[in-house]
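Below: the structure, in structure tokens.
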Amino acid sequence: MEKRLTKLRLVAIFAMLTLVLAGCGEPYLSALQPAGEVADMQYSLMVLSTLIMVIVIAVVTVIFIYVVLKFRQRKGEENKIPEQVEGSHKLEIIWTVIPILLLLVLAVPVVSATFELADVKPMDKKDRKPEDAVVVNVRANLYWWEFEYPDHGVITSQDLVVPTDERVYFNLIASDVKHSFWIPSAGGKMDTNTENINQFWLNFDSKRSEEAGEYFYGKCAELCGPSHALMDFKVKTKSRAEFDQWLEEMKGAKAVASSDLAKQGEKLFQEKSCIGCHAVTPVDERPEQARTAPNLANFGERTRVAGIMPHDKENIRNWLKDPEQYKPGNKMTKTYPELNDEELDALTEYLSGLKVETK
């Protein structure tokens, strides 16, 4: 009896923990707050499937309770053997047809949505013009993201910039191991593989983008190494006019050190061979195999340092001093000599000044 009570207590504790943990998380990383056409479609399917499951559970529970109460053993009937009924064609038809109907109710919209979400014909047209479709090449790396706008010759990293109220098409690939591209508020995740390109599209609603604030959050959703949980990126949404202006500014951007300390940092950036991995202009014509580190052209405008820390000079300095402390297993660690305080200050000043957008 005592062992049974102990087991019941454990079951109750685990049930409570499950309930509590189910409510954990951040609202900006929730697929239950859709912010676009794809997210709306997928949210509707989640609601439909949940509704079907709840109805099935409710019906089965009612039948179970009814059977338990009606056919329970009564006093004085301990030796009574109830009528033995074997086989009922009516019941067999009912419990076969109902699941089939429920599957059809769910399958039809799921199949329809699958074909709709897989439609990337506008990005594959041979005579496609840049204004016909916004295309972004996404390349996942340990542990950062590269975003290339092939129709415009622009490359950036960590902060994805997209127009609102239109479909944005993505080519997904990984440069090292399998990753997974996921913007919870905008739509479901999709793998980035090393051997093939996956394609899909998302849409970002302008009204709900304003409600979300400065940006959406993106994550890697495939376990890829010790810093998998730190492989974040941000999504900045703009109107189409603002997006076009941003592209033009990126095309003409040049890295300029404005102060003596920044110029010292620029010199160090070249002497320490940082320039061999990081580009400081958005127009980077090197092949992707040579782009082994994030593009820093608009580093001073980013919302996070290394995708995870608040963007300020203190965190930039800390990252340069010891990147391994903040992202274990990253490929930047030990690729340059240890920096003294003066060098850290100079590089921090230079990187903070790498900006493109005009205010």
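Applying the criterion of being buried (at least 18 other Cβ atoms within 10 Å of the Cβ) and at pLDDT below 90 to the residues of region 218-265, the residue that is farthest from Gly353 (Cα to Cα) is Ala253. Return the residue satisfying two criteria in turn: it lies in region 310-349 and is open to solvent by less than 60 Å² (accessible area, probe 1.4 Å), polar (S, T, N, Q) and out of contact with any strand residue (DSSP E or B) (no Cβ under 6 Å at 6 or more places or on another chain), and of such residues it is farthest from Ser259 (Cα to Cα). Top of the filtered list is Asn330.
Applying the selection to region 150-162, what residues are at negative phi and surrounded by fewer than 22 Cβ atoms within 10 Å (Cβ to Cβ)? Outline the logic, then answer.
Of the residues in region 150-162, the ones at negative phi are 150-152, 154-157, 159-162.
Once the filter is applied, which keeps residues that are at negative phi and surrounded by fewer than 22 Cβ atoms within 10 Å (Cβ to Cβ), region 150-162 yields Pro150, Asp151, His152, Asp159.
Tell me, yes or no, whether region 134-147 has at least one residue that is touching a helix residue (DSSP H, G or I) at 6+ places or on another chain (Cβ under 6 Å), aliphatic (A, V, I, L, M), buried (at least 19 other Cβ atoms within 10 Å of the Cβ) and under 24 Å from Phe216 (Cβ atoms). Checking region 134-147: at least one residue is touching a helix residue (DSSP H, G or I) at 6+ places or on another chain (Cβ under 6 Å), aliphatic (A, V, I, L, M), buried (at least 19 other Cβ atoms within 10 Å of the Cβ) and under 24 Å from Phe216 (Cβ atoms). When Gly307 is tested against the conditions (1) on the phi < 0 side of the Ramachandran plot; (2) open to solvent by less than 30 Å² (accessible area, probe 1.4 Å), the lone failure is (1).
So which of Lys219, Lys272, Lys254 ends up being more than 27 Å from Pro130 (Cβ to Cβ) and either of a type in the set (Gly, Ala, Ser) or more than 21 Å from the chain's Cα centre (by Cα) (or both)? Lay out the reasoning, then the answer.
Values: Lys219 fails: either of a type in the set (Gly, Ala, Ser) or more than 21 Å from the chain's Cα centre (by Cα) (or both); Lys254 fails: more than 27 Å from Pro130 (Cβ to Cβ).
None of the others qualify; the one that does is Lys272.
Exactly one of these conditions fails for Val235: (1) of a type in the set (A, V, I, L, M, F, W, C); (2) within 28 Å of Pro122 (Cβ to Cβ); (3) out of contact with any Leu (no Cβ under 8 Å at 6 or more places or on another chain). Give me its number. Among (1) of a type in the set (A, V, I, L, M, F, W, C); (2) within 28 Å of Pro122 (Cβ to Cβ); (3) out of contact with any Leu (no Cβ under 8 Å at 6 or more places or on another chain), Val235 violates only (3).
The values are calculated or read from the model by the stated rules, or taken from the named source; none is laboratory data. What you see is a predicted model, and the numbers here were worked out from it, not measured in a lab. Reconstructed Cβ throughout: ideal geometry from the backbone, glycine too, with neighbour counts over all protein chains shown. Note: accessible area is taken over every heavy atom of the protein model, side chains too, but ligands, DNA and RNA are not part of it. Shrake-Rupley method; radii C 1.70, N 1.55, O 1.52, S 1.80 Å.
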